[in-house]
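Worksheet: the structure to be examined is printed underneath.
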């Protein structure tokens, strides 16, 4: 009786190009919109996970290995697998308006801010589950 | 009778309660709609047949754990569950949205 598909929930995408990738729900459109008359949400996920960083890596190597490639996508709820994990990353600017993904350059700009937030979260070492690849 | 059944009386109780829900309450039958009701937290009780595929069973149980919705494992397979619902088809999982006059929600919290 508790709604669990809320912003901040970590989910795994089940379909599409990014199937098997972990993402975090940024914004939920419970009743859908006119273009998408079904429940869906905006997720920000990891297209490329950061590589494993070991202690003997130099600073330059660590920086290179900690890079992530991010994606933003509007996904139907049926194509997500929710998990018990949450990721409380401040992605409010990403979910700025309903047209955050309208034009290509807005999408690219939003992706860049999402990438920064996710990278700094990875560097703190928290939410380690989110940044490890799901093996299947 | 399989030894896992508690007593004959309590299984009959479930069937009777289900009958009452079918008559007076709201419910959905089938995996896809059960997941839908779990996602939007409309479901109050989920009932799974005992021959539900284990992956599907764990998936529904996981969703129910996230949404704090109770799951009941029916003592019977999907054919029996369909009959208990008064339908002429097999039902593997069903979700009770509104129990109507029945008290199935209060008296079956067993996981």
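The values are calculated or read from the model by the stated rules, or taken from the named source; none is laboratory data. Remember, predicted model here, so these are calculated numbers, not experimental data. A quick note on method: Cβ atoms are made from the backbone with ideal geometry, for glycine too, and the neighbour counts reach across all protein chains shown.
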Restrict the check to segment A:85-103 and report whether at least one residue is outside any loop (DSSP other than H, G, I, E, B) and free of Cβ contacts under 8 Å to residues at least 40 places away in the same chain. no
Taking segment B:77-93 as the region of interest, how many residues are in contact with a helix residue (DSSP H, G or I) (Cβ under 7 Å, 6 or more places away or on another chain) and surrounded by 18 or more Cβ atoms within 10 Å (Cβ to Cβ)? 5
Would you confirm whether or not segment B:78-88 contains a residue that is touching a strand residue (DSSP E or B) at 6+ places or on another chain (Cβ under 6 Å) and more than 14 Å from chain A (Cβ to nearest Cβ)? no
Tell me which residues, restricted to segment B:46-68, are over 20 Å from residue B:80 (Cα atoms) and either in a helix (DSSP H, G or I) or away from chain A (no Cβ under 13 Å) (or both). B:55, B:58, B:59, B:61, B:62, B:63, B:64, B:65, B:66, B:67
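Looking only at residues that are within 14 Å of chain B (Cβ to nearest Cβ) and assigned to a loop (DSSP other than H, G, I, E, B) in segment A:38-62, which one is surrounded by the fewest Cβ atoms within 10 Å (Cβ to Cβ)?
Looking only at segment A:38-62, we keep the residues that are within 14 Å of chain B (Cβ to nearest Cβ), and these are A:38-41.
Those still in the list that are assigned to a loop (DSSP other than H, G, I, E, B) too: A:38-39.
Details: A:38: 11, A:39: 17.
Only one residue tops the list, namely A:38.
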Checking residue A:7 against (1) in contact with a helix residue (DSSP H, G or I) (Cβ under 7 Å, 6 or more places away or on another chain); (2) surrounded by 13 or more Cβ atoms within 10 Å (Cβ to Cβ), which test does it fail? (1)
Of the residues B:28, B:37, which single one is within 13 Å of chain A (Cβ to nearest Cβ), in contact (Cβ under 8 Å) with a residue 40 or more places away in the chain and not in a loop (DSSP other than H, G, I, E, B)? B:37
Residue under evaluation residue A:48, criteria (1) touching a residue at least 12 places away in the same chain (Cβ under 8 Å); (2) within 26 Å of residue B:40 (Cβ to Cβ), criterion not met: (2)
Across segment A:16-37, the tally of residues that are under 24 Å from residue A:128 (Cα atoms) and away from every other protein chain (no Cβ under 14 Å) stands at 10
Anything in segment A:64-84 that is in a strand (DSSP E or B), within 11 Å of chain B (Cβ to nearest Cβ) and crowded, with 20+ Cβ neighbours inside 10 Å? List them, or say none. A:80, A:82
Taking segment B:69-103 only, how many residues are outside any loop (DSSP other than H, G, I, E, B) and within 22 Å of residue A:3 (Cα to Cα)? 9
Give the residues of segment A:20-37 that are part of a loop (DSSP other than H, G, I, E, B) and at pLDDT below 95, sorted by residue number. A:30, A:31, A:32, A:33, A:34, A:35, A:36, A:37
Somewhere in segment B:31-39, is a residue out of contact with any helix residue (DSSP H, G or I) (no Cβ under 9 Å at 6 or more places or on another chain) and at positive phi? no
Could you check, for segment A:89-106, whether at least one of its residues is under 30 Å from residue B:42 (Cα atoms) and within 14 Å of another protein chain (Cβ to nearest Cβ)? no
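Within segment A:15-37, which residues are surrounded by fewer than 15 Cβ atoms within 10 Å (Cβ to Cβ) and touching a residue at least 60 places away in the same chain (Cβ under 8 Å)?
Residues satisfying the conditions are A:15, A:16, A:20, A:33.
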